[in-house]
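Every number in this text was worked out from the coordinates using simple rules, so none of it is lab data. Only a predicted model underlies this, so the values are computations on that prediction, with no experimental measurement involved. Every residue, glycine among them, receives a Cβ derived from its backbone with ideal geometry; neighbour counts consider all protein chains shown.
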Amino acid sequence: MFKNKLNETKSRKAKLSTQTMAVFAILIAAQFVISQFLTFQVWNIKISFSFIPVVIAARLYGAVGAAEVAGIGDIIGVIFRPVGIWFSPITISAMLVGAVFGFFLKKSDSFIRILISVLISEFVFSLFITPLWLTILYKGNGTDFFAFYFSTLVSRLFVQIIPMTIVKLVVITAMLKAMDKIKIVKRMTEVNT
């Protein structure tokens, strides 16, 4: 009897692991497709919905799962559609954004938690950290480094960050409410809690 229970437990974990890997693969592929083909860019305004698979991973698997989806998705994006060279701090920033979403959105979809996660994502990472890495990568540490970095902050804030904050708040709020109503997502969330 004990042996049967042990085999049942191993079998269940194997299925769960296979299911988790399959969901990760789907989310990573979705992130790549969305970031490459469903991103709208006009001048220096970029509206992207590539955060959606990361938020789904955050809800289903927490901070670690969302960080993995964001990081692997970033690396695959650089491999298959490079815009520049791969720079590991940018990937680490993407992973940290995923971890932030996972930390705040795994167990609750309250508007305050959504707001905090979006504000950290946009105002810490999108406004300061990622542009810092890009400035280091492309401008080096010359005398115009700080002038270049800080001169773009105000325009980025009003042209990019505020619109994306609004988009993310609306989309994530609606998406999490929809996910709570889908039975299979409820089961997956309960299994991974």
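Summing +1 for each Lys or Arg and -1 for each Asp or Glu, what net charge is found among the other residues whose Cβ lies under 13 Å from the Cβ of Ser108? For residues surrounding Ser108, the net value is +3. Here r is the Cβ-Cβ distance between Phe148 and Thr39 and R0 is 25 Å; the resulting FRET efficiency, rounded to 0.05, is 0.55. Between Lys181 and Ser110, the simple spin-label model (points 7 angstrom out along Cα→Cβ) gives 2.3 nm. Sorted from longest to shortest, the spans of the Cα atoms of region 19-171 along the three principal axes equal 51, 35, 26 Å. Sparse packing (at most 14 other Cβ atoms within 10 Å of the Cβ) combined with a DSSP loop state is found for the following chymotrypsin sites (Phe, Trp or Tyr not before Pro) in region 28-130: Trp43, Trp86. The number of Lys pairs in region 52-187 with C-alpha atoms less than 27 Å apart, excluding pairs fewer than 8 positions apart on the same chain, is 15.
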